[in-house]
Structure formats: structure tokens, C-alpha cells
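J.: Would you mind keeping the following structure in view while I ask a few things?
The values are calculated or read from the model by the stated rules, or taken from the named source; none is laboratory data. Note that the structure is predicted; figures quoted are calculated from it, not measured. FYI the Cβ positions are ideal-geometry reconstructions off the backbone, even for glycines, and counts take in every protein chain you see. Quick note on the areas: whole protein, heavy atoms, side chains included, nothing else; ligands and nucleic acids left out. Shrake-Rupley method; radii C 1.70, N 1.55, O 1.52, S 1.80 Å.
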Amino acid sequence: MSKTLNILLMDPPYESSNTATAFRIMESAINKGHNITVFAYEGATSLTLKHQKGHPNPVKDTTAAEEKHPLTKDFVTGLFGLAREKGTSFRWVNCGFCVDERGVGEWDEGPERGGPPQFAEMYKNADQTLIIPTSR
Amino acid sequence: MSKVLNIIDTAYRAHLEEQDDTSMWLIHAINNAGVENQSILLTGNAVNYAVKTQKPKALNFGSGKIPYPNKLHEDLQAMSKKGIKLFFLAGDVKDRGISQGDLIGEVEGIDRSSLADFVDDFDHIWRW
């Protein structure tokens, strides 16, 4: 029987292994047929920013095309696609206050804008909520 | 309704530029949105949030301003009035040379020896 896991993320992209760990948890849960809701809070609202782009790596002497630098917005898009494929639900809500103070309000199709009422609703509708905060 | 324990251990996270502690802000906001039965346990350096003599001053960085730095003990008292229960880890207060008399009256101490039983009373544990 599928369950719903609600996750609050706080870390910005490329700052902490919390981000990759959270995406691993989401992917694993979706693959097992569970539903996921995500509330991106504070710096995590930059995870879906549309204007992310890869870059060359001068240390490895690779071009941008060779480097294929991972982009967190693509991870989120990938999880939306995986959920569709598996027939589960995946919802991503960016905290609107956090978006505005960072100017990161442009994202590709999928994520939506919300706030504490949406997080409250997601908590109430979930079987469990996992908080993954910025720890320092 | 399920009982939520928010354990706040990371202290002073962006609280100046936000003029709020970001975890306490969200706890308060979702309480207003209907998530009741919440409690807060202050641990580590966050026990200092309950010290009642905090007097943060406004900051200016050239023309950039932080006009209303938050008074964390007052934020806790405001949450207490909304029904959010407040606790602190007694050993963490003692380790920092803070006496219970330095704290606001709304917080209750929990001994580390009884922490497991205390936590077991909640349905959800959110560690911030």
C-alpha cells in the first residue's frame, strides 16, 4: 500500500550532501510506489531555478559540453518524470517568501509556489514528515 | 491530532537578516495554519533563545539595514501564548553557565536522563 512522505528541504544547491541524500530518499520512495510532497524552504528554493546552467571545469580541463555539470533543477524534473512513470504523486512547493527574498521565482513546469498553509496541508495529508534543515 | 516535537539545535541560523529564526518562524506560521499540538525543545546553543535579557540592536552595513533584529525570547513567549509548549535541555543550559533564573518563565527543563521518555510521548520529531 502506498504511503505519502512529506519532506522539508532547506539547503541551497551545491552546499551540502543533504541535498543528494534527500533526492536519493525521494527516488527510492517513488520507485517503491510511494507519494512524495516537498516543501522547499529558504535556500532550497534555488534548487529549481530555471537559469541554472553547466560550466567547464578548468581543473579537469573539460569543456562545458564534456563536463555535463549536474543541475539540481534537472534532478527535480527527473523526479517528476519518474513519478509519472511509476504512477505515483510528486508535488514540489517552493516557499514564496523565500523565493521573493532571493529572486529565484522562475522555474520549469512542475514546482509550484506556496507557503506555510501549504506545508501545513502537506503535513496533515502525509504519513510522515521528514525535516532536513541546514544544520550550521 | 498528532503531537509534533520540534527540536531546535542549530542556533542563530540567518536570524539577523531574516529578523526571525527561520525554524521558529515556520513553526509559528503553521500553528497559525492549523498545525496545533506542537512543542519546542531547545538544545545546544539554541537554549540561549530563552534568555530573557536579550537586547539585540539594529545593524547598518552602509546603506543596508537590519532595522528590527528579532528578540528570540519574545518570539518564544508569543508562541507560548498560542499554545506551543516550550522546553529546554537542562544540561545544555548548565553547561553554558546559564541559570534557570536567566530564562523566561514559559520554558520547562528536561533532564537528559528523561529525554528518551519525553521524546517517546510525541508522534512526530522534527529536528531543526
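J.: Can you run down the residue pairs with Cβ atoms below 6 Å, 6 or more apart or on separate chains, where the first is in the range A:45-66 and of a type in the set (Lys, Arg) and the partner is open to solvent by 70 Å² or more (accessible area, probe 1.4 Å)?
T.: Once the first residue is of a type in the set (Lys, Arg) and sits in the range A:45-66, its partners that are open to solvent by 70 Å² or more (accessible area, probe 1.4 Å) give A:Lys50/A:Glu106.
J.: Collect the residues in the range A:1-21 that are out of contact with any Pro (no Cβ under 9 Å at 6 or more places or on another chain), part of a helix (DSSP H, G or I) and either within 14 Å of chain B (Cβ to nearest Cβ) or without any contact (Cβ under 8 Å) to a residue 40 or more places away in the chain (or both), keeping them in residue-number order.
T.: A:Ser17, A:Ala20
J.: What is the number of the single condition among (1) buried (at least 18 other Cβ atoms within 10 Å of the Cβ); (2) in contact (Cβ under 8 Å) with a residue 60 or more places away in the chain; (3) more than 14 Å from every other protein chain (Cβ to nearest Cβ) that B:Trp126 does not meet?
T.: Result: B:Trp126 passes all but (3).
J.: Check the range A:97-105 and report whether any residue there is among the aromatic types (Phe, Trp, Tyr), at pLDDT 95 or above and over 13 Å from the mean Cα position of the chain (by Cα).
T.: The answer is yes; a qualifying residue exists.
J.: Filter the range A:107-136 down to residues that are more than 28 Å from B:Tyr12 (Cα to Cα) and among the hydrophobic types (A, V, I, L, M, F, W, C) and give me whichever is least open to solvent (accessible area, probe 1.4 Å).
T.: A:Ala126
J.: Another question about this same structure. Which of the residues that make up the range A:22-54 are within 17 Å of A:Ala83 (Cβ to Cβ), of a type in the set (S, T, N, Q) and either touching a Phe, Trp or Tyr at 6+ places or on another chain (Cβ under 8 Å) or not in a helix (DSSP H, G or I) (or both)?
T.: Once the filter is applied, which keeps residues that are within 17 Å of A:Ala83 (Cβ to Cβ), of a type in the set (S, T, N, Q) and either touching a Phe, Trp or Tyr at 6+ places or on another chain (Cβ under 8 Å) or not in a helix (DSSP H, G or I) (or both), the range A:22-54 yields A:Asn35, A:Thr37, A:Thr48.
J.: I've got another one for you. Please state which one of B:Asn60, B:Asn70 is of a type in the set (S, T, N, Q), more than 14 Å from chain A (Cβ to nearest Cβ) and in a loop (DSSP other than H, G, I, E, B).
T.: Result of the check over B:Asn60, B:Asn70: B:Asn70.
J.: Tell me, yes or no, whether the range B:17-27 has at least one residue that is of a type in the set (A, V, I, L, M), more than 14 Å from chain A (Cβ to nearest Cβ) and either touching a helix residue (DSSP H, G or I) at 6+ places or on another chain (Cβ under 8 Å) or more than 27 Å from B:Asp120 (Cβ to Cβ) (or both).
T.: no
J.: For the range B:72-112, enumerate the residues that are without any contact (Cβ under 8 Å) to a residue 40 or more places away in the chain, within 20 Å of B:Asn32 (Cα to Cα) and open to solvent by 80 Å² or more (accessible area, probe 1.4 Å).
T.: Within the range B:72-112, B:Glu74, B:Lys81 qualify.
J.: When the range A:94-106 is examined, which residues are found to be closer than 18 Å to A:Phe75 by Cα and either within 8 Å of chain B (Cβ to nearest Cβ) or open to solvent by 50 Å² or more (accessible area, probe 1.4 Å) (or both)?
T.: Answer for the range A:94-106, where residues must be closer than 18 Å to A:Phe75 by Cα and either within 8 Å of chain B (Cβ to nearest Cβ) or open to solvent by 50 Å² or more (accessible area, probe 1.4 Å) (or both): just A:Glu106.
Yes/no per residue for (1) within 12 Å of the chain's Cα centre (by Cα); (2) of a type outside the set (Ser, Thr, Tyr):
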position	(1), (2)
B:Glu17	no, yes
B:Trp25	yes, yes
B:His28	yes, yes
B:Tyr49	yes, no
B:Gly64	no, yes
B:Leu72	yes, yes
B:Ser80	yes, no
B:Gly91	no, yes
B:Ile125	no, yes
